[in-house]
Amino acid sequence: MIFVGEGALLWRAVRHTRDSGLPIDMVCGPAPGAAEADRLGMPFIAVTDVNQAAGALATASSDGVVWSVNNRMIFRGPVLSTGLRIINIHHGPLPAYRGLPEVALVYAMLRGEREFAATLHRVDEGIDTGRILTADPYPIGPDEPYHAVLRRGLNVCHRLFERCLPLVAADPDWPGEPLGAVPGSCAYYGRAALNRLSEHRDHPGFARATDLGFFTAYLPELAATLA
């Protein structure tokens with residue numbers, strides 16, 4: 001298996017895979033990840049664009065599976081044309097909340113959503129538009145601040161990975177689980193949505209939905225916009 005991404009959520013998934021006795025062919029991500037890869041003894045490719053490493057990924061892969069975990073890089077033709085099966089963990093219910101998860105969660109809370117989700121899906125040419133394999137919902141309390149909801153969501157993302165890892169390891173073409181009703185709405189929350197957040201400052205729930213707490217240092221772009 002190959003892993004693409006960055007940060008604590010990625011390395012938590014890598015360590016769990018290693019501890020489960022499953023082979024890891026390579027980890028690919030921004031340069032700061034090299035130190036953790038070296039500590040764990042993992043082959044690592046540092047890139048700012050995963051598509052630049054398409055040939056290396058295809059050569060290194062032993063099972064044709066690529067896990068995208070906390071990954072902000074977009075897979076394009078060079079990787080998609082290799083035949084690798086790319087599986088992404090997206091923090092948000094799809095297709096209703098595509099795009100940047102940290103931004104989508106703010107809008108979900110401003111809308112008074114009482115549930116969010118971690119979604120596992122195949123990666124295709126679009127952004128968060130690939131076939132949904134499964135999703136694990138979790139509640140949003142009516143008075144909970146953003147940082148508490150985000151922390152819960154990240155834990156749900158990791159538990160979803162833990163649950164589905166053996167299923168994908170046993171069958172790289174795992175078709176997923178039967179899904180219930182999929183939300184009819186479809187929206188994308190990218191940098192344009194991020195830049196529009198200031199338009200909602202008069203919303204009575206704005207302070208709660210933007211209380212980053214201890215995540216402020218980990219979400220610099222969102223923190224800067226809110227400031």
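Extension gain Ser198-Ala8, at 0.36 nm per residue separation less the Cα-Cα distance, in nm?
65.5 nm
Summing Lys, Arg as +1 and Asp, Glu as -1, what charge do residues with Cβ under 11 Å from the Cβ of Ala8 carry, Ala8 excluded?
Summing Lys and Arg as +1 and Asp and Glu as -1 gives 0.
Please compute the length gained on full extension between Ala223 and Asn155, using 0.36 nm multiplied by the number of residues separating them and subtracting their Cα-Cα distance.
Full extension from Ala223 to Asn155 adds 22.3 nm.
Only bridges with both residues in the chain count here: give the DSSP antiparallel percent, nearest 5.
Close to 40 percent.
Evaluate E = 1/(1 + (r/R0)^6) for Ile127 and Ala56, where r is the Cβ-Cβ distance and R0 equals 22 Å; express this FRET efficiency to the nearest 0.05.
Computed FRET efficiency for Ile127 and Ala56 comes out at 0.40.
In whole Å, what are the Cα extents of the stretch 44-94 along the three principal axes, biggest one first?
In descending order, the Cα extents are 33, 23, 21 Å.
What residue among Leu57, Leu179, Leu197 shows peak mean-square fluctuation when the chain is described by a Gaussian network model with Cα springs under 10 Å?
Answer for the Gaussian network model of the chain: Leu179.
Just to confirm a number: summing +1 for Lys and Arg and -1 for Asp and Glu over residues other than Glu144 whose beta-carbon lies under 15 angstrom from that of Glu144, what do you get?
Here the charged neighbours net out to +1.
What is the sum of charges, Lys and Arg at +1 and Asp and Glu at -1, for the other residues whose Cβ falls under 13 Å from the Cβ of Ser62?
-1
Does anyone have the angle between helix 7-19 and the longest principal axis of the chain? Alpha-carbon axes, 0 to 90°, nearest 10?
40 degrees
Rank the residues Phe161, Phe3, Phe206 as a footprinting-exposure proxy: fewest other Cβ atoms within 10 Å of their Cβ go first.
Sorted ascending by nearby Cβ count, the order is Phe206, Phe161, Phe3.
Once phi is turned into ³J(HN,Hα) by the Karplus curve 6.51 cos²θ - 1.76 cosθ + 1.60 with θ = phi - 60°, what whole-Hz value does each residue of the stretch 34-50 show in order, with x for glycine and proline?
Ordered by residue, 3J(HN,Hα) equals 4, 5, 5, 4, 5, 5, 8, x, 9, x, 9, 10, 8, 9, 9, 9, 4 Hz.
Can you give me the P(r) profile for the stretch 72-227? Cα pairs, bins 10 angstrom wide beginning at 0, each as a whole percent.
10, 38, 35, 15, 2, 0
Measure nothing fancy, just the Cα-based angle from helix 146-170's long axis to the longest principal axis of the chain, in degrees from 0 to 90, nearest 10.
Rounded to the nearest ten degrees, it is 30.
Which value, in nm² and rounded to one decimal, describes the direction-averaged projected area of the C-alpha convex hull of the stretch 1-98?
6.2 nm²
Could you calculate the FRET efficiency of Leu167 with Asp49 from 1/(1 + (r/R0)^6), where r is the beta carbon distance between them and R0 is 30 Å, rounded to 0.05?
Approximately 0.50, to the nearest 0.05.
Show me, for the stretch 122-131, the HN-Hα J-couplings you get by feeding each phi into the Karplus relation (A = 6.51, B = -1.76, C = 1.60, θ = phi - 60°), rounded to Hz, glycine and proline as x.
6, 8, 10, 6, x, 9, 6, 10, x, 4
List every residue whose amide H lies under 5 Å from the amide H of Phe116, counting only residues 5 or more places away in sequence or on a different chain, with H placed 1.01 Å from N in the peptide plane.
Those lying under 5 Å, H to H, from Phe116 are Tyr138, Ile140.
Normalise the Cα radius of gyration of the stretch 42-140 by 2.2 N^0.38 Å (N = residues in it) and let me know the number.
The value comes to 1.18.
Quick note: the coordinates plus some simple rules give every number you see, no bench work behind them. Just so you know, these numbers come straight off a predicted model, no measurement behind them. Here the Cβ is made from the backbone with ideal geometry for all residues, glycine too, and neighbour counts use every protein chain on show.
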